[in-house]
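The values are calculated or read from the model by the stated rules, or taken from the named source; none is laboratory data. On a predicted model such as this, the values are computed, not experimentally measured, just so you know. Here Cβ is always computed from backbone atoms with ideal geometry, including for glycine, and neighbour counts include all displayed protein chains.
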Amino acid sequence: MTAFRFIHAADLHLGSPFQGLALKDAGLAELFVEASRKSFSMLIDEAVARKVDFFIVAGDVYDGDWKDNKIGLFFNREIARLERAGIPVFLLKGNHDAESVITRTITLPKNVSEFPTNKPGTFKLDHLKVALHGQGFADRSATENLSLAYPKPEAGWFNIGVLHTSLTGREPHATYAPCSLEDLRSRSYDYWALGHVHDFEIVSRDPLVVFPGNIQGRSIREQGAKGAVLVTVEDGRVSHERLITDSARFAEVSIDLAAEEGVPAILRRIEDALDTIVENMEERPLALRVRLGGKSRYRREILARAGDFRDEVQAACHRTHADIWLEKLDLRMVPDQETVADGAAVLGLEGLISMDGFSSEVVDEASTRVAEIAARLPGGLGADDLPLGADLDTLLAEARDLLLARAARAG
């Protein structure tokens, strides 16, 4: 069998608006939008430099329908670099760029072959004796097991299955094109190029079944290095190597405070906790979530000046590294029982505000107000399940704590 190499990528999500970040920090969101494009350009650089024999994208080239043609033109420009290098590209549509989702088009270079969406299709590279089998998504919600209809392998050839799937389930990813590992093995292919799951995972080594993960983290749930996979086939042996391409990363740090720790001590704790974080940045910009828990006698003081405290935490991050940006400050401290406020103003408010939950009337009113705010957010930012970045109970609890904190400060 001829020796060859190929790149297996998936979940590019070009055009992702980074909605959660945009609500918190528009500048940080723009940094990650640009990182997504840089990551793909870097992957194309790797393909050209390593002179791979072909290039696979197993679904979700785009994050959804285009607002304009800019993202299509960007993808076309980068793929055209592969055409000039003589590298064929095989694309498969996933749930985010299903045939029914993407309404705009840009004519792609002649080196691009797209798998059909109505049934499995096969592309052959005769000089390598490689056959690629796959079926893309016609609609966003593909609930049937597509893998069982994939054709028999080409005898004596290296057979690759390309599929966008959740397999038997990978939380928090939605269930699409569900199938089992045994379903994949029943096809007797030599390699399965999967997409949809954003974490790198070797599902099986016999045959090699791989989720390469996405090429750029898109939220705090997607931490660590991101990229694609370089696959080498030589003397009948199949090996793989991760290609790390992400240009920015997410991370979080949780600190359990002691009751007596004030703001200066808390800031020192944060800086100390960032030493390991800095090592894992690998000189990339970082969006950091800081979560503070434990009992604190300074809780209400901090909540009362939450904006100033957030700026202090951001400054602590920058004292550690210039490219650490605060994605969110998550304050989960609970009051120290010895310092529960006894001011008349606070006691009066605590008598009016339930500390154990919220009435249905309050919840309904808050839900209406959140919907009104979400509808006014630009660029579809309010379309997410959590348009303001937190669920209703969390928002109400934060509002209650802030009101009590301000009352204590005034008292």
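When R268, R221, R242 are checked against the criterion of being at pLDDT 95 or above and not in a strand (DSSP E or B), R268 stands alone in meeting it. Within the stretch 130-166, being of a type in the set (A, V, I, L, M, F, W, C), surrounded by 14 or more Cβ atoms within 10 Å (Cβ to Cβ) and touching a helix residue (DSSP H, G or I) at 6+ places or on another chain (Cβ under 7 Å) holds for one residue alone: L163. When the stretch 1-35 is filtered for residues that are at pLDDT 90 or above, in contact with a strand residue (DSSP E or B) (Cβ under 6 Å, 6 or more places away or on another chain) and either at positive phi or surrounded by 19 or more Cβ atoms within 10 Å (Cβ to Cβ) (or both), the ones remaining, listed by number, are F6, I7, H8, A9, A10, D11, L14.
Across the stretch 79-105, which residue is modelled with the lowest pLDDT among those that are exposed (fewer than 15 other Cβ atoms within 10 Å of the Cβ) and within 18 Å of N69 (Cβ to Cβ)? The extreme case among them is T103.
For the stretch 187-218, the tally of residues that are within 22 Å of P120 (Cα to Cα), over 15 Å from the mean Cα position of the chain (by Cα) and assigned to a loop (DSSP other than H, G, I, E, B) stands at 5. If you scan the stretch 233-254, which residues turn out to be more than 24 Å from the chain's Cα centre (by Cα) and either surrounded by 15 or more Cβ atoms within 10 Å (Cβ to Cβ) or of a type in the set (A, V, I, L, M) (or both)? Hits for the stretch 233-254 are V233, V238. When the stretch 28-74 is filtered for residues that are of a type outside the set (V, I, T), within 21 Å of H198 (Cα to Cα), free of Cβ contacts under 8 Å to residues at least 60 places away in the same chain and not in a helix (DSSP H, G or I), the ones remaining, listed by number, are F55, Y62, D63, G64, D65.
Hey, among G307, G262, which residue is without any contact (Cβ under 8 Å) to a residue 40 or more places away in the chain and within 21 Å of L28 (Cα to Cα)? Spell out how you get there, then give the answer.
Numbers: G262 fails: within 21 Å of L28 (Cα to Cα).
Within the list G307, G262, the selection yields G307.
Based on this model, can you work out whether Q223 counts as assigned by TED's automatic domain parsing to the domain that holds D60, buried (at least 24 other Cβ atoms within 10 Å of the Cβ) and of a type in the set (S, T, N, Q)? No: the conditions fail for Q223. Taking the stretch 18-27 as the range and being part of a helix (DSSP H, G or I), closer than 19 Å to K70 by Cβ and touching a residue at least 40 places away in the same chain (Cβ under 8 Å) as the test, the residues that pass are Q19, A22.
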